[in-house]
Structure formats: structure tokens, C-alpha cells
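What follows is a short report on a single structure.
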Amino acid sequence: MNTVMTKAHEKVVEAQFGPRAKAYVESAVHAKGEDLAAIEASARAHRPERALDLGCGGGHVSYAMARHAGSVIASDLSRDMLAAVAATARDRKLTNIETVEAPAEHLPFKDATFDFLGCRYSAHHWRDFEGGLREARRVLKRQAPAIFVDAYAPGQALFDTHLQAIELLRDTSHVRDYTAAQWFSGLGRAGFAVQSSRTWRLRMDFPTWTARMRTPPDNIRAIHILQEAASAETRAHFSIEANGSFMLDVLMVEATAE
Ligand SMILES: C[S@@+](CC[C@H](N)C(=O)[O-])C[C@H]1O[C@@H](n2cnc3c(N)ncnc32)[C@H](O)[C@@H]1O
């Protein structure tokens with residue numbers, strides 16, 4: 001019998017992301033994008049005094065906000081990720097970025113500490129999605145802008161199940177890609193007013209997507225098996241290519257704290 005290691009979800013996340021911190025700083029998918037440009041444009045327009053990058057990963061939202069904010073807190077539960085962000089900020093001479101280790105669901109900040117928030121590609125890892133959104137709202141001042149970006153699940157269960165399955169095989173810290181409807185209702189319940197949203201599709205290059213997470217060979221094989229067995233509709237929805245590359249749906253929501 002195999003030895004089974006048990007650890008809390010947050011430790012699973014840390015174990016997945018810590019050793020990959022450099023890959024996330026360098027990842028082209030994460031380092032650019034129209035969403036990053038939109039976050040930067042919004043920060044430029046609002047000139048926040050204190051901005052929060054929630055689930056900062058490689059820190060790309062922090063770098064985009066830092067040019068227009070008084071100060072930026074880059075927060076994440078991975079210490080290694082935060083060390084990589086601090087080193088990159090130093091290299092780029094972005095002296096107004098500070099790092100704070102914390103889970104999104106329990107932020108060590110007082111109510112109404114921030115006047116701007118960016119949160120990109122992190123919420124699908126959270127143990128408690130709505131708890132994290134409530135914390136995001138709590139630490140924001142009233143009327144502060146908040147921009148959330150994440151992969152989202154198609155409404156149909158047929159496609160949803162395929163997406164969650166390959167996400168989990170690729171990265172065992174994956175919890176759930178939520179639907180756009182779940183995002184809107186969760187944000188509303190947490191005390192945000194949705195101002196606008198947009199969606200687009202990002203091509204996940206299979207070798208790069210799996211290499212970034214160092215997906216084990218058995219899991220890569222299992223993803224290919226699922227892709228090959230998928231229905232014509234599922235293959236068409238995700239535009240699955242011969243090598244496993246596919247299109248991922250992305251949602252960006254611009255909201256304000258009510
Ligand atoms: C894909 S990376 C984020 C990418 C980054 N925000 C960007 O724009 O490039 C996901 C990050 O979420 C962090 N994370 C996952 N669950 C978290 C939680 N509950 N609280 C805080 N950070 C979390 C991970 O440690 C990881 O660094």
C-alpha cells in the first residue's frame with residue numbers, strides 16, 4: 001500500500017506554488033494580457049493610496065499597480081512566491097511594494113485599509129471562495145474599485161466537469177473554476193456592486209501549461225486520456241488540439257465596494 005501524506009489545503013497550495021515561484025514571475029500568460037492593462041489603467045485613473053494584490057503569485061498585478069499607487073501590499077499564502085515578488089520588485093526598483101503572507105480568507109488587515117484591489121487567477125485555489133470575497137470587501141473602503149480576474153467555468157455541466165477534472169489533474173491545489181453567475185452572486189453577497197465584466201479566451205499551450213506546474217507524467221497521461229475520450233461538443237467547446245493545447249475561458253469583473 002502507498003503511504004498517504006495528509007496536509008491541510010493551504011499546505012497543498014504552498015507545496016504546489018512555492019517551488020514554482022520563478023516560473024510564475026516569468027510566465028508569459030501571467031506577465032501580460034488585456035486584463036493586466038485594464039488593472040493598470042484603472043489604477044492610473046484612481047491613483048490609490050494603498051492597493052492590495054490578493055493572491056499575488058508572481059506579482060504582476062502588484063507591478064502594474066505600483067506605478068500609480070502610493071503603496072502596494074502583495075499578499076499570498078506562499079512564502080516562496082512572496083520572496084520572488086520582493087526580489088523582482090527590488091530588481092525593478094519598485095520600492096513601494098511590501099509583501100504579506102496571509103490566506104485570502106483571513107487577512108491580517110483592519111477594516112477599510114485599502115482603496116484599490118486587484119485579484120487575478122487566485123480565487124479558484126481558495127478553500128472558501130465567498131469567505132475570501134467577504135475579506136476582500138472588509139479590507140476595502142466604501143466605493144473602492146476592485147478588479148477580479150479568473151478562469152471561469154462554462155454554465156453547462158458537460159463542459160464544467162471536463163474543465164474541473166483536467167485542472168485538478170494538472171494542479172492538485174485546484175479547487176474550482178466558478179461560473180460567471182457564481183462570481184456575480186458571490187460578489188453581490190460579499191458587498192460588491194458589479195460595474196462591468198468582460199470575457200475572453202486564452203490559449204493554454206499544453207507543454208507550457210503542464211511544465212509550469214511540473215505536472216507528473218501519470219497526470220499528463222490522464223489528462224490526454226480525458227481529452228481523447230471527450231465528446232465532440234466538449235472538444236469543440238475547448239478547441240482541444242492534437243497535443244492537448246486548449247482554449248480557457250477567462251472572466252474579468254470590475255466592481256466597487258458598497
Ligand atoms: C496563478 S497564481 C496567481 C497569479 C498572479 N495573481 C498573477 O496575476 O500573475 C495563484 C496564487 O494564488 C495563491 N493562493 C492560492 N490560494 C490562496 C489563498 N487561499 N490565499 C492567498 N493566496 C492564495 C497561490 O499561492 C498562488 O501564488
Problem set entry | Distance between segment 206-240 and segment 68-145 - C-alpha centres, whole angstrom | 31
Exercise. Span-like helices, the chain: DSSP H, alpha-carbon axial extent 27 Å or more, mean Kyte-Doolittle -1.0 or greater, which ones?
Worked result: none
For this session: Provide the packing ranking of 74-80, 18-24, 197-203, 162-168, i.e. peptides ordered by the mean count of other C-beta atoms within 10 Å per residue, highest first.
Result: 74-80, 162-168, 18-24, 197-203
Problem set entry | Spherically averaged projected area of the chain from its Cα convex hull (nm²) | 13.5
For this session: Grab the DSSP H runs of the chain that are 4 residues or longer, score each as -39,500 (n - 2.57), total them, divide by all residues and round the 222 nm result to the nearest 500 deg cm²/dmol.
Result: -12500 deg cm²/dmol
Seminar exercise, completed: Final fewest-first order of 124, 106 on the 10 Å Cβ neighbour count is 106, 124
Exercise. Where a ≥ b ≥ c are the square roots of the eigenvalues of the C-alpha gyration tensor, would you call segment 110-258 rounded, which needs a/c under 1.5, or, failing that, prolate if a/b is larger than b/c, or oblate?
Worked result: prolate
Exercise. Sorted by average packing, counted as other Cβ atoms within 10 angstrom per residue and highest first, what order do 144-151, 251-258 take?
Worked result: 144-151, 251-258
Problem set entry | Per-peptide average of other Cβ atoms within 10 Å, ordering 126-139, 173-186 highest first | 126-139, 173-186
Problem set entry | Extension gain from residue 96 to residue 185, taking 0.36 nm per residue of separation minus the Cα-Cα distance | 28.6 nm
For this session: Excluding residue 151 itself, calculate the net charge of residues whose Cβ lies under 11 Å from the Cβ of residue 151, where each Lys or Arg counts +1 and each Asp or Glu counts -1.
Result: -1
Seminar exercise, completed: With x for Gly and Pro, the residue-by-residue ³J(HN,Hα) of segment 20-31, computed from phi through the Karplus equation 6.51 cos²θ - 1.76 cosθ + 1.60 at θ = phi - 60° and given in whole Hz, is 10, 4, 4, 4, 6, 5, 8, 4, 5, 4, 8, 7
For this session: Have a look at the DSSP beta bridges in the chain and tell me what percent are antiparallel, nearest 5.
Result: 50
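No value in this document is a laboratory result; all are computed from the given coordinates. Note that the coordinates shown come from a computational prediction; the quantities given were computed from them, not determined experimentally. Counting neighbours? That spans all protein chains shown, and the Cβs are built from the backbone with ideal geometry, glycine included.
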